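> Below: one structure in structure tokens.
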Amino acid sequence: MNSDSDLQLIDVGEAHTVAASNLTRVYSYGWNDCYQLGKPIDKRKYIYSPSPINLPIEQARAKSLAVGDNHNLLVDAYGNLYVWGDNSKGQLGLGHSRDMPKISILDFLQNDTISEIKAKGNNSLVVTEQGKAYYWPIQKESGEIITKPVEMTLPPKIQVATAACGYNFAALVSKNGLVFTFGRDNQFGQLGHGDTKPREIPTLVESLKNDGEKISSVACGYKHVICKTSLGKVYTWGWGEMGQLGHDNFENLYTPKIVSAFSSTFKNKTLMVQAGFKHSMVLTETKKVFWWGTNATIDRQPVPVELNFAHKVRIRKSF
């Protein structure tokens, strides 16, 4: 990567990374077995080092970026949506599941613009300025698989503000702070409705509404969900075997439960929440980071612990 540019966006898939600079440059590196690096496959190479991607529109500046396991979404400053990578499940939204060696522009909106893009696993999700949500691919109960963007059906006057993708499920947050979930995977109650039934249509998570909490953001892991209220409280639900729900146990939860460490008595207000494959994270207004669950260094940590970056980051001294 050139030293005269700064990275503004970065996201990581199963075995590849895509990043965009403050200039009109997009880079990729890692595996390229499914064209996920946006370039031809070289069978002599196993891992590719960072190099620029050529988008179909020259001088396109990246505005937002979302990376699934092996596919990518990118929106430029003009509102164009670029898709590339693995399409074996129809995750590029092109209406088929054929290999796509080149980057494509996915144009499906009329009189609307994209405000947010999300991707995880083989799924893609788009939120628009008009508060609509589109999701793909979709496998219906009949077995039919839809490989084009499908507008999600919501109650009248409900507009989506933000959203998150899990693995074969998703969560939508409306502009009035309600949470709707849907998906064909509800094995551990990650849809938050108190059962394990799949939902084809976004369904209101009643318990959050009954608690009187307005949700401002949400993040989905592999099979669990974390969300933040407008007052900075944190709720989690779904798969909990690795401690990723933060309730001091390893149980699954079929409805949302407040994480006691971030209740109304916690003086350090939550600014952002994030869900990894088997862990959860919180960033507070004082820039403290809390982490729980499991990864390479934390083994089934069931309650939030503050990260000490002094042990993780080397400080370069100048004299």
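The values are calculated or read from the model by the stated rules, or taken from the named source; none is laboratory data. Computed from a predicted structure; not experimentally measured. Note that we place each Cβ from the backbone using ideal geometry, even for glycine, and neighbour counts take in every protein chain shown. Protein only, heavy atoms only, side chains kept; ligands, DNA and RNA dropped before computing areas. Shrake-Rupley method; radii C 1.70, N 1.55, O 1.52, S 1.80 Å.
> Taking 7 Å along the Cα-to-C-beta vector as the label spot, tell me the LYS43-LEU7 distance in nanometres, rounded to one decimal.
3.2
> Quick check on the chain: helices-only [θ] at 222 nm, where DSSP H runs of length 4 and up contribute -39,500 (n - 2.57) each and the sum goes over total residues. Nearest 500, please.
-500 deg cm²/dmol, from helical runs alone.
> Then there is this: Quick one: accessible surface of ARG61, probe radius 1.4 Å, all protein chains present, in square angstrom to the nearest 10.
110
> Hey, another quick one. Would you mind telling me the share, in percent, of accessible area of the stretch 81-194 contributed by carbon and sulfur at probe 1.4 angstrom? Walk me through the intermediate numbers first.
On the way: 2110 of 4820 Å².
Taking all protein chains in place, the stretch 81-194 shows 44 percent carbon and sulfur surface.
> Could you do me a favour and compute the accessible area per residue for the chain, 1.4 Å probe, result in Å²?
With all protein chains present, the chain gives 51 Å² per residue.
> How much of the calculated P(r) for the stretch 65-132 lies past 16 Å, in percent of all Cα pairs?
Within the stretch 65-132, distances greater than 16 Å cover 42 percent of Cα pairs.
> Taking 0.36 nm per intervening residue step and subtracting the Cα-Cα distance, what contour gain separates GLU14 from GLU144 on full extension?
Contour length minus Cα-Cα distance gives 44.1 nm.
> Gap in Å between the Cα centre of the stretch 168-203 and the Cα centre of the stretch 40-112?
Centre-to-centre (Cα) distance: 27 Å.
> Right, here's the next one. Between SER115, SER124, SER142, find the one with the highest GNM mean-square fluctuation for the chain; connect C-alpha pairs within less than 10 Å.
In this elastic network of the chain, the residue with the biggest mean-square fluctuation among SER115, SER124, SER142 is SER142.
> Please compute the contact order of the chain in relative form: average sequence separation of alpha-carbon pairs under 8 Å and at least six residues apart, divided by the residue count, as a percent.
Details: 852 pairs, mean separation 27.4, N = 319.
Dividing the mean separation by the residue count of the chain yields 9 percent.
> Thinking of the stretch 146-254 as a set of Cα atoms, what percent of all their pairs are more than 21 Å apart?
Percent of Cα pairs beyond 21 Å in the stretch 146-254: 30.
> Can you compute log10 of I(q)/I(0) for the stretch 1-104 with the Debye formula, treating each Cα as one identical point scatterer, at q = 0.10, 0.17 Å⁻¹?
-0.24, -0.71
> Tell me the accessible surface of ILE47 in square angstrom (1.4 angstrom probe, heavy atoms of protein chains only), to the nearest ten.
That residue has around 110 Å² of solvent-accessible surface.
> Considering all alpha-carbon pairs of the stretch 195-260, what whole percent are spaced by more than 18 angstrom? Could you put the intermediate results ahead of the total?
On the way: 740 of 2145 pairs.
That tail contains 34 percent of the Cα-Cα pairs.
> So which GluC sites (Glu not before Pro) in the stretch 127-226 are both in a DSSP loop and have at most 11 other Cβ atoms within 10 Å of their Cβ? Working shown, then result.
Working: sites: GLU129, GLU141, GLU144, GLU151, GLU200, GLU206, GLU213; in loops: GLU129, GLU141, GLU144, GLU213.
Here the sparse-neighbourhood loop sites are GLU141, GLU144.
> Rounded if a/c is under 1.5, else prolate if a/b is larger than b/c, else oblate: which is the stretch 206-308, with a ≥ b ≥ c the root eigenvalues of its Cα gyration tensor? Intermediate values should be presented prior to the final figure.
Numbers: a/c = 1.77, a/b = 1.15, b/c = 1.53.
Since a/c reaches 1.5 but b/c is at least a/b, the shape of the stretch 206-308 is classed as oblate.
> Could you give the Stokes-Einstein D for the stretch 26-74 in µm² per second, using the C-alpha Kirkwood radius, 37 °C, 0.692 mPa s?
This corresponds to a translational diffusion coefficient of 282 µm²/s.
> Given labels modelled 7 Å from the Cα in the Cβ direction, how far is it in nm from PHE250 to ASN295?
Between PHE250 and ASN295, the simple spin-label model gives 2.0 nm.
> Heavy atoms of the protein only, probe of 1.4 Å, neighbouring chains included. What is the accessible area of PHE188 in Å², nearest 10?
40
> Let me ask something additional. What label, among [x] 31, 59, 10, 0; [y] 32, 55, 12, 0; [z] 28, 63, 9, belongs to P(r) over Cα pairs in 20 Å bins from 0, in percent computed from the structure on display?
Of the listed options [x] 31, 59, 10, 0; [y] 32, 55, 12, 0; [z] 28, 63, 9, [x] comes from this structure.
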